Each structure stands twice: as structure tokens, then as C-alpha cells.
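The values are calculated or read from the model by the stated rules, or taken from the named source; none is laboratory data. These numbers were taken from a predicted model, which means no experiment stands behind them. Using ideal geometry, Cβ is built from the backbone for each residue, glycine included, and neighbour counts are taken over all protein chains shown. Quick note on the areas: whole protein, heavy atoms, side chains included, nothing else; ligands and nucleic acids left out. Shrake-Rupley method; radii C 1.70, N 1.55, O 1.52, S 1.80 Å.
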Amino acid sequence: DWNQYGYAYLFVSAAMFIVFTDFCIYWVHRLEHHPLVYAKCHKLHHKWIVCTPYASHAFHPLDGYLQSIPYHLAVFVFPMHEYVYLALFAFVNVWSVMIHDGEYVASNPVVNGAAHHTVHHLYFNYNYGQFTTMFDRLFNTYRKPSQEVYDRSRRNSKRVQEAQAKSIDEALPSLEAANSNAHTKTE
């Protein structure tokens, strides 16, 4: 019933959904970057260093399940009209595509747009948030996108791409070694 909590609550519940799920996804996503979890669960998604819309839904089934829990949990934490929930669930999917689409149209420091999420794919341990940079800022995992991210000619320059590839090549062995060591210790 639309009138149960009043029409204003429809907007309040949508805002609560965004903040609640952003907080939860931040922690789920950050957990997935832990060396004990990364290779088994989230590494597949990070094969797309250069974000594309396809990367938004390219993940291990466990990764998808873990990252979906906050969206389903939200309705048990606070009441929400079913149509508002369905609209927000559709919005989540569109947003996921948008932050992976490689179109860096805005440099808003609060909104976790494509540029911020590209930084996450390039440097792994930054910008875990889904919708905002609020929790990355609060928990010291925020990294501002550099200017070459917004400038297509600089972003596509061989020098910038080589520097990014070098950084990734240097980071991957330590992530994978930590996973390998953890796996060996548990056998």
C-alpha cells in the first residue's frame, strides 16, 4: 500500500536503500579483495582491467551471490514498497553497467562513477564503493582518478597505458602469492 508510510517515505526508503547497500557492498567488495578470497571469488571480474559494460556482469557465481546479499537484506532492515524495491533493483543493474562502461563524463568527487571504478580496476585496493565514494573516504581507500582518466587522448596514450600495465603487473604477483600461500597452508 503506497499510503502505509506516506509518499515522502517512498523517497526516504530509496535513499536508505542506496546508503545501506553502498555501505554493505563496500565491505563485501573489500572482503573479496582479501588474499584468502580474491583468487577464488573475485579475480575473474578483474580480468577486465579496462572496464567495459560486459565486465559489469562478468563474475564468479559466488561473487555475484555475495554482492547481491545487501540488496535482498535491505527489505528486512527497513520497510520498502515492492515497486520501489523493484525499480531500485533495476537501477542497480543499470548503475553497474554505467560504472564499467568506460565513459568518464563526470568528475564528481562524491559519486562513484566510471572513472572512480576504473581506478579500482587499475589499482585494486581503492574505490570499493558501489554508488558513492563516501565509505572509501571514511575508511581511507579512496583514490582520486588522475586527469588522464578524463582526457581520452591521454587515457589512450601508449605511455599512460604502459605505466598502468606496469603497475598492475607489479601488484598481481603479490595478490596471487598471498592466495597461493594461504591455499597451501590450508591443505
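Between the listed residues 73, 17, 128, the Cα displaced farthest toward the positive end of the dipole of the chain, a dipole computed from Cβ unit charges relative to the Cα centre, is found at 128. The residues of the range 1-97 expose, per residue, 56 Å² of accessible area to a 1.4 Å probe.
Only helices enter this figure: runs of n ≥ 4 DSSP H residues, each worth -39500 (n - 2.57), summed and divided by the residues of the chain, yield -19500 deg cm²/dmol at 222 nm to the nearest 500. Surface composition of the range 1-122: carbon and sulfur atoms hold 73% of the protein heavy-atom accessible area at a 1.4 Å probe.
What label, among (i) 41, 24, 15; (ii) 31, 22, 13; (iii) 95, 34, 22, belongs to semi-axes √(5λ) of the Cα gyration tensor in Å computed from the structure on display? So the calculated entry is the one marked (ii).
Size of the dipole of the chain about the Cα centre, Lys and Arg at +1 and Asp and Glu at -1 on the beta carbon, nothing else charged, in debye to 20?
That gives a dipole near 540 debye.
Within the chain, helices built from complete DSSP H runs that reach 18 Å or longer along their own axis (Cα positions) and carry a mean Kyte-Doolittle hydropathy of 0.5 or higher are 7-32, 61-77, 82-98.
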